[in-house]
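Here the structure is laid out as structure tokens; the discussion comes afterwards.
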Amino acid sequence: MLTEKKILIVEDEAMIAFDLEDVVMSRGATAAVCLDVKSALEKAEACNFDAAILDYNLGGHTVLPVADALQRKGIPFLFNTAVADFENLSARYNGAHVCRKPANEAELVRLLVQLTNNLAGGAFGPKPA
Amino acid sequence: MTKRFSVLNTLLIVSLVAFLTCVLTIVLAARAEARFRDQASQAFDVMQVLDGIIVNSLNAETGQRGYFLTGDEDYLDPYRVGMRDVVGHIDTFREMAGDEITPAQAEKLARLDTATRVKVGELQSSMQLFQDGKISAALDLVRTDAGKAAMDEIRETAGLLIAEEQALLTAGRNEAQRARVLVLLCVTLLVFVSMFGFVLALRNLGRAQKLGLVEEQARQLGEERERTDLLARELNHRVKNLFAIVQSIISSTSRQETDARVAATKIRERVFALSRAHALTSSIDMQQQTTLSELVQAIVASQVKDHCDLHMDGPPVTVMAQHVTPIGMILHELTTNALKYGAGSCDGGLINVTWTINKDDPGQELKISWQEICAKDVDLSAPGPDGFGSRMMAISLTQLRGRSERRWAEDGLNMGILLPLDDHGALKDRNKAETQ
């Protein structure tokens, strides 16, 4: 399903990052895990990912600089977060999908497949219903 | 508020008017007093002059009679002085009275003047006759009583004028007395107004202080509510986060373990370790931190106690709430491995957990040494943490910005975990450090 896809995971809680990594790896993808904004920005600039999973709040900082960088590079992403202004966040990034943490694994994978195969109809995921 | 303001204003205006009235009264009273002093001094002079007219007339008359009776020229001295001064005193009195003289006074003055002239004339005439040797004629003139009548007239008119001056003096004194009473009243009033103002000021001060106290209480209440709101948000965030972590444990473990029963056991152990770790930071007062030794106690000691000895030692190290999960999970993985393959699986095993703080430049570093010692043979081919555990520990270490060294000694696993500390000796906050 996600075979040979490269997924960027930005999540500040190690255990959750580990699980997300496990989720995408178990679907045949490779993952880069970043636990803070600085390393995520470096990774996003350095590598060409097929998609990204972004936690919104990274230890008091927002992930928005990373999202902006990914948008510039045309890399699709989704948000996976517990605290955020969901509607405005989605609107700011061309209807990017915002998953409510803790996310359903199957749903997460389905969205990643859509993003990586450009099946969402747009660059940044399906339009909200 | 407006009503209170207008009452205060009225009081202020009344006080001001009272104050000005008092000042005016005191000034007027002072002037009345000064006027009275002038008047008294003048009246005294006038009375002396009038007295002088009577005295000099009498002296002249007495001197003359003495001379007539004895022929002694010594008696002529008072006569001459009296005759000279009585006329001079009349002139002085006229000067003193000046333009302010009343018609009644003028009339009395005229009478006095006439009587004095008559008296002087009588004295001079009789003296002339006497000195010319016409003694009987002189005595006859004296006996006519014209001189006595004139003298009586002098006494009466001068007495009346003196009485008038005295009446004026009394009136002036009474006026001055009234002024003094008024001044006393004004001073008393001023004292009362001042006291009233003082009390009012004190009361306002007290009220202002009370108002300040109420504001302070409101501020404290506001702060308290903000703190409570903050705690509620923090708690909400932590609960959501913990649910996400628990879900991650469940999903990653069940993905790893094909056997449902094994998976269930591992999930239970991991969630239990997580809950024990977080119990240290989620007490009723929302304690935001715990210590490394409490974490080791809660996660390691509780699990190994029936299987091997545990020795732990190290200086106090603060662990903030956000670091409890990664450290807790690392300690849990090390513990379960020790129980399965290491010190917890052999006889007389010992787990030695010690930590030190290295104060090297540029910052402090915490070194945790995890040493497993088995008294008997150790199976050196025993696996370390499986791929799952290694990866989980690696990612947890990344969250703590730490690194690890692992090696197998003859008697068991030796693991060193190196974690950076902030200036306060607490584990470094990954995202805070970034912004510096």
When you scan region A:93-116, do you find a residue that is over 28 Å from B:Val271 (Cα atoms) and within 14 Å of chain B (Cβ to nearest Cβ), even just one? no
So A:Phe86, is it within 14 Å of another protein chain (Cβ to nearest Cβ) and buried (at least 22 other Cβ atoms within 10 Å of the Cβ): no
If I ask for residues that are surrounded by fewer than 19 Cβ atoms within 10 Å (Cβ to Cβ) and in a helix (DSSP H, G or I), which ones from region B:337-355 would you list? B:Lys340
Would you confirm whether any residue within region B:64-82 is within 15 Å of B:Leu161 (Cα to Cα) and of a type in the set (D, E, K, R)? no
Within region B:33-63, restricting attention to residues that are over 19 Å from B:Gln166 (Cβ atoms) and among the hydrophobic types (A, V, I, L, M, F, W, C), which residue is surrounded by the fewest Cβ atoms within 10 Å (Cβ to Cβ)? B:Ala34
Is it the case, given these coordinates, that B:Ser293 is among the small types (Gly, Ala, Ser), over 16 Å from A:Phe18 (Cβ atoms), within 60 Å of the chain's Cα centre (by Cα) and within 14 Å of chain A (Cβ to nearest Cβ)? no
Evaluate the following for A:Leu54: is it away from every other protein chain (no Cβ under 13 Å), within 21 Å of B:Thr325 (Cα to Cα), under 14 Å from the mean Cα position of the chain (by Cα) and not acidic (Asp, Glu)? yes
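Okay, residues lined up against (1) touching a strand residue (DSSP E or B) at 6+ places or on another chain (Cβ under 8 Å); (2) small (Gly, Ala, Ser):
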{"site": "B:Leu292", "(1), (2)": "yes, no"}
{"site": "B:Ala298", "(1), (2)": "no, yes"}
{"site": "B:Lys305", "(1), (2)": "no, no"}
{"site": "B:Thr325", "(1), (2)": "no, no"}
{"site": "B:Met329", "(1), (2)": "no, no"}
Can you find even one residue in region A:65-73 that is at pLDDT 90 or above, within 14 Å of chain B (Cβ to nearest Cβ), more than 23 Å from B:Ala394 (Cβ to Cβ) and part of a helix (DSSP H, G or I)? yes
Could you run through region A:8-31 and say how many residues are modelled with pLDDT under 95, away from chain B (no Cβ under 11 Å) and at negative phi? 3
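Could you check, for region B:296-318, whether at least one of its residues is of a type in the set (A, V, I, L, M), on the phi < 0 side of the Ramachandran plot, part of a helix (DSSP H, G or I) and exposed (fewer than 15 other Cβ atoms within 10 Å of the Cβ)?
Checked region B:296-318: no residue is of a type in the set (A, V, I, L, M), on the phi < 0 side of the Ramachandran plot, part of a helix (DSSP H, G or I) and exposed (fewer than 15 other Cβ atoms within 10 Å of the Cβ).
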Residue, nearest to the other protein chains (Cβ to nearest Cβ), within region A:32-43, restricted to residues that are assigned to a helix (DSSP H, G or I) and out of contact with any Cys (no Cβ under 6 Å at 6 or more places or on another chain): A:Lys38
Okay, helices (runs of 4 or more DSSP H) sitting entirely in region B:74-158 with 2 or more residues that are buried (at least 20 other Cβ atoms within 10 Å of the Cβ), among the small types (Gly, Ala, Ser) and modelled with pLDDT of 85 or more, I get B:103-131
Is there any pair with a first residue in region B:119-138 that is touching a residue at least 12 places away in the same chain (Cβ under 8 Å) and a second that is among the acidic types (Asp, Glu) and outside any helix (DSSP H, G or I) whose Cβ atoms are under 9 Å apart and which are 6 or more apart or on different chains, and what are they? B:Ala138/B:Asp132
Using the structure shown, decide if B:Asn241 is touching an Asp or Glu at 6+ places or on another chain (Cβ under 9 Å), modelled with pLDDT under 90, in a helix (DSSP H, G or I) and within 14 Å of chain A (Cβ to nearest Cβ). yes
Of all residues in region B:215-259 being under 56 Å from the mean Cα position of the chain (by Cα) and β-branched (Val, Ile, Thr), which is farthest from A:Ala14 (Cα to Cα)? B:Thr228
If we scan region B:213-230, do we find a residue that is within 14 Å of chain A (Cβ to nearest Cβ) and either surrounded by 10 or more Cβ atoms within 10 Å (Cβ to Cβ) or modelled with pLDDT of 90 or more (or both)? yes
Of the residues in region A:37-57, how many are out of contact with any strand residue (DSSP E or B) (no Cβ under 6 Å at 6 or more places or on another chain) and surrounded by 24 or more Cβ atoms within 10 Å (Cβ to Cβ)? 1
Which one of the conditions (1) away from chain A (no Cβ under 14 Å); (2) small (Gly, Ala, Ser); (3) touching a Ser or Thr at 6+ places or on another chain (Cβ under 6 Å) does B:Ala321 fail to meet, given that it meets all the rest? (1)
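The values are calculated or read from the model by the stated rules, or taken from the named source; none is laboratory data. Every value quoted in this text rests on a predicted model; they were computed, and no experiment measured them. Note: ideal-geometry Cβ built from the backbone for every residue, glycine included; neighbour counts use all protein chains shown.
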